[in-house]
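Visitor: Below is one structure. I have some questions about it.
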Amino acid sequence: MNIPLIVAGSLAIIGAAIHGVAGEVLVVRNLSPGMLASSPFGGPRMTKAMIHVTWHMTTIAFLTVGSALLLSGSVLHGDTARGLVLVGAGASTGFAALAMVLGAAYMRSPRTLFRHPGPAVLAATAALAWWGVL
């Protein structure tokens, strides 16, 4: 039983659920094709479809990483658990870094990272995952 991994995995799974449901309701449904640009792949409706699919692919990635961390901390042992933990910790670190760096770059201030819980939850998940590796 590895408590940091169980907490990290649980955080990622809860985050995935919130990302999927709240993101669908608060973000994706509010995207107006009339306000979106066309892309080389099609018009504004195609742009919305690509954003929609990408949004939920990210949700599935969070769920997958969370499941790997949770399983590694609870039922898996040995090299299998260690391998999954390293993949999960690495992915969590990438998610957190991406959210922080691009969030700060777009908003032009690191202070805006605290308006949305995502970067903090992703950073906590990564920190707990690496702690669990130890």
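The values are calculated or read from the model by the stated rules, or taken from the named source; none is laboratory data. Fair warning: this is a prediction, and the values are worked out from it, not measured in the lab. SASA here: full protein model, heavy atoms, side chains in, ligands and nucleic acids out. Shrake-Rupley method; radii C 1.70, N 1.55, O 1.52, S 1.80 Å.
Visitor: Just to be sure I understand: with springs between alpha-carbon atoms less than 10 Å apart, which residue in Met107, Met35, Met57 has the highest mean-square fluctuation in the Gaussian network model of the chain?
Guide: Largest GNM mean-square fluctuation: Met35.
Visitor: What number, rounded to the nearest 500 deg cm²/dmol, is the helix-based mean residue ellipticity at 222 nm of the chain, given -39500 (n - 2.57) per DSSP H run of at least four residues and division by all its residues? Mind showing how you got there, number by number?
Guide: Numbers: 4 runs with 101 residues, N = 134.
About -26500 deg cm²/dmol.
Visitor: Under the rule a/c < 1.5 gives rounded, and otherwise a/b versus b/c splits prolate from oblate, where does region 15-70 land using the Cα gyration tensor?
Guide: Working: a/c = 5.57, a/b = 2.06, b/c = 2.70.
Judged from the Cα gyration tensor, region 15-70 comes out oblate (a/c at least 1.5, b/c at or above a/b).
Visitor: I'd like the distance between the alpha-carbon centres of region 80-134 and region 17-61, rounded to an integer number of Å.
Guide: Using only Cα atoms to place each centre, the spacing works out to 22 Å.
Visitor: Here is a further query. How many percent of the accessible area of region 1-46 is carbon or sulfur, using a 1.4 Å probe? Each step should come with its number before you reach the end.
Guide: Working: 2080 of 2850 Å².
Carbon-and-sulfur percentage of accessible area, whole number: 73.
Visitor: Using all alpha carbons of region 89-134, what is the percent of pairwise distances in each 5 Å bin, ordered from the shortest bin to the longest?
Guide: The distribution over region 89-134 is 5, 26, 29, 20, 12, 6, 2, 0, given as percents.
Visitor: Enumerate the helices in the chain for which the Kyte-Doolittle hydropathy averages 1.6 or more and the C-alpha atoms extend at least 27 Å along the helix's axis, using complete DSSP H runs. It would help to have the intermediate numbers written out before the result.
Guide: Numbers: long enough: 3-26 (33 Å, 1.87); 44-74 (45 Å, 0.73); 78-107 (43 Å, 1.16).
For the chain, where a helix must reach 27 Å along its axis and average at least 1.6, the hits are 3-26.
Visitor: Further question: Could you give the accessible area per residue of the chain, probe 1.4 Å, as a whole number in Å²?
Guide: Details: 8220 Å² over 134 residues.
Ligands and nucleic acids excluded, the figure is 61 Å² per residue.
Visitor: Then there is this: Normalised by the empirical 2.2 N^0.38 Å for globular proteins, what value does the Cα Rg of the chain take? Numbers along the way, then the final one.
Guide: Working: Rg = 16.7 Å, N = 134, 2.2 N^0.38 = 14.1 Å.
My calculation over the Cα atoms of the chain gives 1.18.
Visitor: Quick one: among Ala104, Ala124, Ala17, which has the greatest mean-square fluctuation in a GNM of the chain with alpha-carbon springs under 10 angstrom?
Guide: Highest fluctuation of the listed residues: Ala104.
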